[in-house]
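The next block holds one structure in the form of structure tokens; read it before the comments.
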Amino acid sequence: MVSPVFFTPFKKGIFHSRCRIRKGRKTSFLNSNPWDCRGKGFPAECVGLCFPNPFRCCYNQEETGSPDQYQGEIHIRLKIERYMEQMERWPAEGRHILAQYDPSSIVVYQAYKPKIGRFAVDHGYFGGEFRFNRMSWIKPNFLWMMFRSGWGTKPDQETILAIHIERSGFDSLLEQAVHSTWNQSLHPDREAWQKDLRKSEVRLQWDPDHDPFGQPVKRRAVQLGLRGETLIRYARDWIVEIEDITNFVKKQKAYVDQGKLDRLETPQETVYPPASVQGRV
């Protein structure tokens, strides 16, 4: 097995796993003689790549492999488009729900351990080891899900699911949602907001969107936390189809790891227009 290695934005090359990475600071090396890409069997494209997020620094060349190894294995219904072409159309800043949708459905993403993911794909709903007694977060933005799951490399987030749900169900979530942070324009009274937050079954949160490397951008992405009866309705009633897109994610991650964003493909996403709740979102 090839040893894990670290990318750093501060020095050129790939370094041994004994390197210590501290977020937001210059890398401090525990060994005085870090590895260099050249002559170590790693592709030249790796040199100089920047992965400052500590959860995504560890890169195993053997596990990631070549994007070509996934060809012929991937069959998904999602509409796919080159990332660089989409980036030119997306808003550069502000709060926007970027999503793939049609007149009757919208796609949201979740990441789970393989047992939960396999049950969902096989049955078309969530069950088995899925926990209904805790809040479950859904994300309509693919790259936000990739940041959160480390492109499917974080523990218990190895299986990436694209869940097609009814638009009417998604719009009802937006109507019920209470912001996770106090928004004075929606809740002039802070205590009233806290009361609504405690009793609400849908929590809405705006977070920085991220580029493929995990770097935050000025644009904000939304995620929705579900619990109680609303979570049950989402998991059982609103689902149109569940796709396992893990192999697709692995292939695209290989392009990201090699710095080949010109070849990176992501699900086609445009700004989603909420039915009648723009003021609440």
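Every read-out reported here was derived from the displayed coordinates using simple, explicitly stated rules and does not represent laboratory data. Keep in mind it's a predicted model, so treat the numbers as computed, not measured. A quick note on method: Cβ atoms are made from the backbone with ideal geometry, for glycine too, and the neighbour counts reach across all protein chains shown.
In this structure the amide hydrogen of ASP209, modeled in the peptide plane, comes within under 5 Å of the amide hydrogens of VAL217, ARG219, ARG220, ALA221, none closer than 5 places in sequence on its chain.
Can you tell me how much longer the chain between VAL217 and PHE132 gets when fully stretched, taken as 0.36 nm per residue apart minus their C-alpha distance, in nm with one decimal?
Details: separation 85, 0.36 × 85 = 30.60 nm, distance 3.28 nm.
Fully extending the segment from VAL217 to PHE132 adds 27.3 nm.
In order along the stretch 142-147, the Karplus-derived 3J(HN,Hα) couplings, from 6.51 cos²θ - 1.76 cosθ + 1.60 at θ = phi - 60°, round to 4, 5, 5, 5, 5, 5 Hz, and Gly and Pro are given as x. Amide H to amide H, with H built 1.01 Å from N, ILE80 comes under 5 Å of GLN268, counting only residues 5 or more places away or on other chains. In terms of distances greater than 20 angstrom between alpha carbons, the cross-link table entries LYS195/LYS218; LYS115/LYS253; LYS79/LYS250; LYS113/LYS253; LYS79/LYS253 yield LYS195/LYS218; LYS115/LYS253. What shape does the stretch 77-271 take by its C-alpha gyration tensor, where a ≥ b ≥ c are the square roots of the eigenvalues and a/c under 1.5 counts as rounded, a/b above b/c as prolate, and the rest as oblate? Because a/c hits 1.5 or more and a/b fails to exceed b/c, the stretch 77-271 counts as oblate.
Computed from label points 7 Å out along Cα-Cβ, the spacing between ARG227 and GLU191 is 2.2 nm.
Residue by residue, the stretch 101-110 carries 3J(HN,Hα) couplings of 8, 9, x, 10, 9, 9, 9, 10, 10, 9 Hz when phi is fed to the Karplus relation 6.51 cos²θ - 1.76 cosθ + 1.60 (θ = phi - 60°); x denotes Gly or Pro.
Rounded to the nearest 20 debye, what is the charge dipole size of the stretch 77-271 about its Cα centre when +1 sits on each Lys and Arg Cβ and -1 on each Asp and Glu Cβ?
Details: 30 positive and 28 negative charges, 102 e Å.
The calculation lands at about 500 debye.
Peptide packing for 269-275, 102-108 was compared via the average number of neighbouring C-beta atoms within 10 Å per residue; ordered from the highest value, the list is 102-108, 269-275. For ASP237 and LYS199, the FRET efficiency from 1/(1 + (r/R0)^6), where r spans their Cβ atoms and R0 equals 25 Å, is about 0.70. The label point for GLU85 and the one for GLU175, both projected 7 Å from the Cα toward the Cβ, are 3.7 nm apart.
Using 0.36 nm times the number of residues separating VAL121 and GLN268, minus their current alpha carbon distance, what extension gain do you get?
On the way: separation 147, 0.36 × 147 = 52.92 nm, distance 2.16 nm.
Value of the extension gain: 50.8 nm.
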